[in-house]
1. Along Cα→Cβ, 7 Å out, is where each label goes; now give me the distance between the ones at residue 67 and residue 39 in nm to one decimal.
2. Amide H to amide H, which residues 5 or more places from residue 243 or on other chains are under 5 Å from it, using H placed in the peptide plane?
3. Using θ = phi - 60° and the Karplus curve 6.51 cos²θ - 1.76 cosθ + 1.60, what whole-Hz ³J(HN,Hα) does each residue of the range 216-233 get, with Gly and Pro shown as x?
4. 5 Å is the cut-off here: which amide hydrogens, built 1.01 Å from N in the peptide plane, fall below it relative to residue 10, excluding neighbours closer than 5 in sequence?
5. Tell me what the chain gives for mean residue ellipticity at 222 nm when only DSSP H runs of n ≥ 4 count, each as -39,500 (n - 2.57), the sum divided by the residue total, rounded to 500 deg cm²/dmol.
6. Kindly state, to the nearest 0.05, the FRET efficiency for residue 235 paired with residue 103, given R0 = 41 Å and r defined as their beta-carbon distance.
7. Compute the angle between helix 16-27 and the longest alpha-carbon principal axis of the chain, please, reported from 0 to 90 degrees and rounded to the nearest 10.
8. Kindly flag which residue pairs out of 72/169; 72/173; 72/121; 75/121 have an alpha-carbon separation exceeding 24 Å in this structure.
Amino acid sequence: MRFESQHAVITGGTRGLGRAMSLAFLAEGAHVHATYFGNDSAAEALREAAGEGAERLHLAKFDVADHEACAKFWKELEDTEISILVANSGIRRDGIVASMAPDDWQAVLDTNLTGGFNMSKFAVLNMMRQRYGRIVFITSPAGRFGFEGQGNYGASKAGQVGLMRSLCKEVAKRKITVNCVSPGFIATELIDDLPEELVAAHKKSVPMKRFGEPEEVADAVLYLASRGASYITGSVLEVSGGL
């Protein structure tokens, strides 16, 4: 029960990695504010999976890329001390740069990078009042290596690391840490649409020869969000099987 009575905000918190994180924080005693964009059935499925922890689960439906919507969400939490923000919301719209539609470029940047900016901006204002906080961005090795057909996704993920490294210096004196967790190939619906031959190639490229599980990423996030990680800030923790 490392997070008993603490409040955690997890964006994209009802599916995939976010779902695993929400359930993990609930299991450790936290109140979880899980945001999502549009899938109501996934949100309700999370509530059911939470069991007795459902009374500490708070669902919020809005677009993290919308600055005004984020401001409204945080306004409703202004009397709540938020200890943890996990900026996890992310989308993919793959395509080679030469033929990528501008809307596909912008949508990925808006959700993955601007969404992280919006949410961390308001989180910092909340955390500064209590002089404590943990912010974790969920980035990707795509931002470091680059993958064919993912110029927009890679740019957004590299941008998250840059944002984290600037923000961590701005808030360190307030005992707020800011880090990234960088999951490699994880078995979630985000990669369900990949062709079988590409899945096989990706698995071959991983030294552990398998994809990771969402719970393995959640464990890393929980550590960086804990009080035990008080001297870790400005770091990228790879959870990639050795990529």
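1. It works out to 2.9 nm between the two label points.
2. Residues meeting the amide H criterion: none.
3. Those phi angles translate into 5, 6, 4, 4, 5, 5, 4, 5, 5, 8, 8, 5, x, 9, 5, 10, 10, 8 Hz.
4. 33, 34, 35, 86
5. On the way: 9 runs with 103 residues, N = 243.
Per the formula, -13000 deg cm²/dmol.
6. Working: r = 34 Å, r/R0 = 0.83.
For residue 235 and residue 103, the calculated efficiency is 0.75.
7. 30
8. Working: 72/169 27 Å; 72/173 27 Å; 72/121 13 Å; 75/121 13 Å.
Checking Cα-Cα distances, 72/169; 72/173 exceed 24 Å.
Just so you know, all these numbers are worked out from the coordinates, no wet-lab data involved. What you see is a predicted model; the values in this text were computed from it and never measured. Using ideal geometry, Cβ is built from the backbone for each residue, glycine included, and neighbour counts are taken over all protein chains shown.
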